[in-house]
1. Quick one: compute the contact order of segment 169-317, relative version, from alpha carbon pairs under 8 angstrom and 6+ residues apart, as a percent.
2. Taking segment 1-151 on its own, what percent of its Cα-Cα pair distances exceed 21 Å?
3. Taking the Cα centre of segment 128-202 as origin, work out the dipole magnitude from +1 charges on Lys and Arg Cβ and -1 charges on Asp and Glu Cβ, in debye rounded to 20.
4. Give, rounded to the nearest 20 debye, the magnitude of the charge dipole that the chain has about its Cα centre when Lys and Arg contribute +1 at Cβ and Asp and Glu contribute -1 at Cβ.
5. How big is segment 236-313 along each principal axis, measuring the range of its Cα positions in Å and listing the largest first?
6. Taking every pair of distinct Cα atoms and averaging 1/r, then inverting, what Kirkwood hydrodynamic radius in Å comes out for segment 155-293?
7. Using +1 at the C-beta of Lys and Arg and -1 at the C-beta of Asp and Glu, which of L72, Q116, A92 has the Cα lying farthest in the positive direction of the dipole of segment 1-123?
8. Before rounding to the nearest 500, sum -39500 (n - 2.57) across all DSSP H runs of length at least 4 in the chain and divide by the residue total; then give [θ] at 222 nm in deg cm²/dmol.
Amino acid sequence: AQQLGAAIKAESEVFDVAPIGPPDGSGGYTVRFQSSTAFFKKKQSLTARGVVFAGGVLGTVPLLLKLKQSSLPGLSDRVGYGIRTNNESLIAITTVDKDKDLSKGVAISSILHTDQYSHLEPVRYSAGSGFWRLLVLPMAHGGNTLSRLGKIAWDWLSRPLANLKVAFVDDWAKRTQTLLFMQTLDSTLRFQRGWLGGMRSRLDKGPAPSAFIPEAESLAKQYGKLINGKPTSLALEPLLGIPSTAHILGGAVMGKDASEGVIDKDNRVFGYQNMLVCDGSMISANPGVNPSLSITAISERAMGKVEGKGRALAGQG
Ligand SMILES: Cc1cc2nc3c(=O)[nH]c(=O)nc-3n(C[C@H](O)[C@H](O)[C@H](O)COP(=O)(O)OP(=O)(O)OC[C@H]3O[C@@H](n4cnc5c(N)ncnc54)[C@H](O)[C@@H]3O)c2cc1C
């Protein structure tokens, strides 16, 4: 993109996109942004003939929800709908055996299909990548917060040495096998703006995603035995029963028209000219697998349909 003249404005957060002249954006847009890192945020702006939203679900969807109430009222009422996860469970199993090094090799290179909806991916992190250890607690599924805290306390009391060894393991990534269990089973959430501009989520369709998937728990326990390790989950799961996802999708999804989606099949925003959404918020189904290559491929396809330099960028001359 830089070779074709694009300037990258790092550490800049867009907070407004407003049409210049005609309300459908055919006269271009004013894009307002500010530093995403500075304490005192100087507001800046630029003008553009077209805009591509690519802030990811947690960037694009809150921005579009805000702009629908201000500069872009013509956005579809479907903004915020169709938020999905891969219905997943992330479990990290830490071994106490110092002769095991689980960090070598490609991050994800195998998949175990456990039924027609579900599969498990063993995930590796490279040696030294240990930040996650601060975020996990021993795996405790089911029941309520009190019963899960009771399970964790009992585990610590009955196996204090093993728990201490796991908590203070020398290199978390070397001694940890992460298991990523995902399902194609579908349900959707809806994001809305709260009173103070924050985000709220509520269940829209289907069963609520759960932090506790029995098959994932059983596989983690079996794997734990194999590597002499202890399964741990992200702390919000045992503490509050809130499921975690690394694969949030949707919120500005494709549809036939504005009553069904926010963008058309070529990623163009309904109601506006020269405006696209090219990130995970465009995805309108639960693929049940890690989505970044699909996001990249669909974005590349959409950019290939933009006249001018975008076509060259997407390799279509
Ligand atoms: C721990 C972890 C592991 C993962 N592993 C895998 C994997 O192995 N394989 C896989 O396929 N997927 C994986 N994923 C998922 C994958 O990273 C995401 O699905 C993908 O990055 C989403 O792409 P995106 O373009 O929608 O958004 P992002 O990659 O999130 O990019 C959005 C960018 O926009 C910026 N932004 C947001 N708002 C604004 C704003 N207002 N103004 C300016 N900039 C803004 C953000 O800072 C960010 O840089 C993983 C995710 C996590 C969290």
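Read-outs throughout are calculated quantities, based only on the coordinates presented, and are distinct from any laboratory measurement. Here the structure is a predicted model, which is why all the values come from computation and not from measurement. Using ideal geometry, Cβ is built from the backbone for each residue, glycine included, and neighbour counts are taken over all protein chains shown.
1. 16 percent
2. Value for segment 1-151 (Cα pairs over 21 Å): 68 percent.
3. 240 debye
4. The dipole magnitude comes to about 600 debye.
5. Answer, in whole Å and largest first: 52, 29, 16 Å.
6. Kirkwood hydrodynamic radius for segment 155-293: 18.4 Å.
7. Positive-most Cα among the choices belongs to L72.
8. For the chain, the value works out to -7000 deg cm²/dmol.
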